[in-house]
């Protein structure tokens with residue numbers, strides 16, 4: 001295993017014009033030189049090995065896309081160093097392009113009016129893929145997904161799911177060392193999501209391709225990533241195994257109970273009685289998030305049984321989604 | 001091997017253009033309407049002039065010139081400014097920049113397919129019809145060869161100008177106004193809407209020193225001139241070559257500088 005992506009102390013700043021309000025303000029903006037500097041990415045370092053699938057997570061506006069754009073060479077870092085396969089991406093964009101594949105969930109790189117197979121043929125020539133490699137890749141694709149019905153369908157007639165699938169196949173076609181997937185499952189139905197996850201996983205395994213995945217869907221993360229990196233407000237919050245992350249917050253469990261009467265009001269009451277727990281209510285359940293280091297779930301349950309008639313209960317281990325949510329909201333202590 | 005990379009884009013463009021059959025019909029209808037207007041406009045200009053020859057051109061000379069200019073416009077107009085502008089606004093430009101091809105070439109070759117289609121489906125039929133109807137007015141000889149060379153140079157100049165204007169979109173993020181302005185300037189100063197022979201003397205001299213006249217005036221003059229002196233043809237082609245190199249260098253440099261700005265300051 002060797003490092004394919006090396007990022008050292010990378011910072012990216014943008015100059016943004018300070019906009020004023022109203023018509024008068026807008027007119028004054030025409031002549032304004034009043035810029036403020038926004039730091040989108042702040043001193044990030046990481047090393048990614050060939051063949052890893054890394055989940056790159058963070059709330060909206062955290063600086064994920066900016067980092068990816070720097071890795072692809074579309075943006076130049078303000079300071080710090082990025083090496084992709086030993087090459088500085090923004091200085092050698094064309095060379096770097098041979099080694100990477102990109103899928104942006106909301107955009108397509110495919111030729112809109114043409115059948116998918118034509119897009120593949122064009123990409124074959126653009127990336128100068130040899131006939132043998134091209135045929136090999138198509139064979140692999142056929143073994144993984146049912147692409148025959150897609151190949152002769154114009155891209156504009158495809159459903160979003162089919163198009164995303166096609167875009168992912170197109171991104172892997174020239175057998176790049178790294179593929180960047182930016183929210184690949186956005187807007188897809190459950191079965192299509194599963195299909196796409198299986199596909200990404202299989203391609204990673206077969207071709208040993210490094211995959212950098214940004215997503216807001218923790219299902220993607222659970223299904224694909226061994227390692228996750230979390231950033232927020234440009235700063236790195238977490239970079240480690242997903243197992244480690246769960247251990248990190250593993251002491252938390254969610255106790256869900258169903259009681260008679262108005263759940264909201266009773267949730268508030270319980271919240272007061274249990275100051276160490278976070279209590280919330282939805283239509284059917286009252287959820288009590290228990291930190292087992294402070295208080296055992298069984299004790300909480302025993303205490304609640306004294307005051308309430310519990311009709312039903314569930315115990316949930318904390319999910320990745322909740323861990324991430326906690327990190328976004330509170331950061332890593 | 002390397003050329004294949006580009007020709008595949010031409011091929012794709014041709015297939016793409018053929019998907020939209022109706023657009024050829026619409027372009028043809030639009031052209032006929034435009035030419036009807038041109039016909040009556042110039043008919044009245046000649047009528048009010050009271051002579052058969054105005055500025056050294058007869059009515060049919062002018063008409064042939066303008067019909068061919070329109071046909072030439074149809075296949076030379078690449079809508080590059082639109083394309084670049086739209087790609088910038090939609091952010092698709094990021095995907096295009098991540099192809100292992102220079103963007104300037106990528107865009108040109110992507111369009112070249114529809115170019116070939118337009119040449120065969122609009123320019124060539126128009127030319128043949130005009131040549132047949134006016135039998136003899138268009139000289140058919142070595143000038144056709146010069147004309148082809150001249151058109152290739154014109155295409156190159158036109159593309160460079162479009163590319164420069166398209167690059168401006170990186171700064172303004174708006175397309176419409178810039179594109180309209182470019183179109184009016186190029187069509188007027190290139191002699192596509194009014195033959196340069198009709199320009200007032202001062203303006204004419206000025207315009208002849210600009211790159212625009214190399215786009216429409218130069219190839220059409222070469223095509224329509226009756227026994228031109230070889231040196232004048234060479235001078236025209238030389239001027240075109242000069243401008244095509246100059247504009248290519250300017251457009252490449254401007255793009256390079258602008259792109260750096262973008263990579264530094266984000267899109």
- Kindly check whether there is at least one residue in the range B:222-234 that is without any contact (Cβ under 8 Å) to a residue 12 or more places away in the chain and closer than 19 Å to residue B:191 by Cα. yes
- Residues that are farther than 15 Å from residue A:231 by Cβ, touching a helix residue (DSSP H, G or I) at 6+ places or on another chain (Cβ under 6 Å) and in contact (Cβ under 8 Å) with a residue 24 or more places away in the chain, drawn from the range A:45-81: A:53, A:73, A:75
- Checking residue A:116 against (1) more than 18 Å from residue B:96 (Cα to Cα); (2) more than 11 Å from chain B (Cβ to nearest Cβ); (3) more than 24 Å from the chain's Cα centre (by Cα), which single condition isn't satisfied? (1)
- Query: Within the group A:140, A:188, A:213, which residue is assigned by TED's automatic domain parsing to the domain that holds residue A:96 and either part of a helix (DSSP H, G or I) or at positive phi (or both)?
  - Reply: A:140
- Message: Being outside any loop (DSSP other than H, G, I, E, B) and either touching a helix residue (DSSP H, G or I) at 6+ places or on another chain (Cβ under 8 Å) or in the same structural domain as residue A:49 (by TED's automatic domain parsing) (or both) is the requirement here; does residue A:223 meet it?
- Response: yes
- Message: Return the residues of the range A:66-87 that are within 12 Å of another protein chain (Cβ to nearest Cβ) and in a loop (DSSP other than H, G, I, E, B); say none if nothing qualifies.
- Response: A:73, A:74, A:75, A:76, A:77, A:78
- Note on the structure: The condition of being surrounded by 13 or more Cβ atoms within 10 Å (Cβ to Cβ), more than 14 Å from chain B (Cβ to nearest Cβ), touching a strand residue (DSSP E or B) at 6+ places or on another chain (Cβ under 8 Å) and modelled with pLDDT under 90 holds, among A:51, A:58, A:63, only for A:58
- Working only within the range A:1-44, note down all residues that are in contact with a helix residue (DSSP H, G or I) (Cβ under 7 Å, 6 or more places away or on another chain) and either in contact (Cβ under 8 Å) with a residue 12 or more places away in the chain or in a strand (DSSP E or B) (or both). A:5, A:10, A:12, A:14, A:15, A:17, A:20, A:40, A:41, A:44
- Note on the structure: Within the range A:90-109, the residues that are more than 10 Å from every other protein chain (Cβ to nearest Cβ) and within 25 Å of the chain's Cα centre (by Cα) are A:105
- Message: Here is a check on your reading of the model: is residue B:64 under 21 Å from residue B:134 (Cα atoms), surrounded by 21 or more Cβ atoms within 10 Å (Cβ to Cβ) and touching a residue at least 60 places away in the same chain (Cβ under 8 Å)?
- Response: yes
- Item | Residue among A:189, A:131 that is within 14 Å of another protein chain (Cβ to nearest Cβ) and farther than 24 Å from residue A:84 by Cα | A:131
- When the range A:265-276 is examined, which residues are found to be over 17 Å from residue A:312 (Cα atoms) and in a helix (DSSP H, G or I)? A:265, A:268, A:269, A:271, A:272, A:273
- Task: Tell me which residues, restricted to the range A:92-131, are part of a loop (DSSP other than H, G, I, E, B) and touching a residue at least 12 places away in the same chain (Cβ under 8 Å).
- Result: A:92, A:105, A:106, A:108, A:109, A:110, A:111, A:112, A:113, A:114, A:127, A:129
- Task: Select from the range B:164-177 the residues that are surrounded by fewer than 17 Cβ atoms within 10 Å (Cβ to Cβ) and in a helix (DSSP H, G or I) and write down the one among them that is modelled with the lowest pLDDT.
- Result: B:172
- Tally time: how many residues in the range B:195-217 are surrounded by fewer than 16 Cβ atoms within 10 Å (Cβ to Cβ) and part of a loop (DSSP other than H, G, I, E, B)? 3
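The values are calculated or read from the model by the stated rules, or taken from the named source; none is laboratory data. The shown structure was predicted, so the numbers you read here are calculated from the model rather than taken from an experiment. Neighbour counts are summed over all protein chains in view; Cβ atoms, including those assigned to glycine, are modelled from backbone coordinates with ideal geometry.
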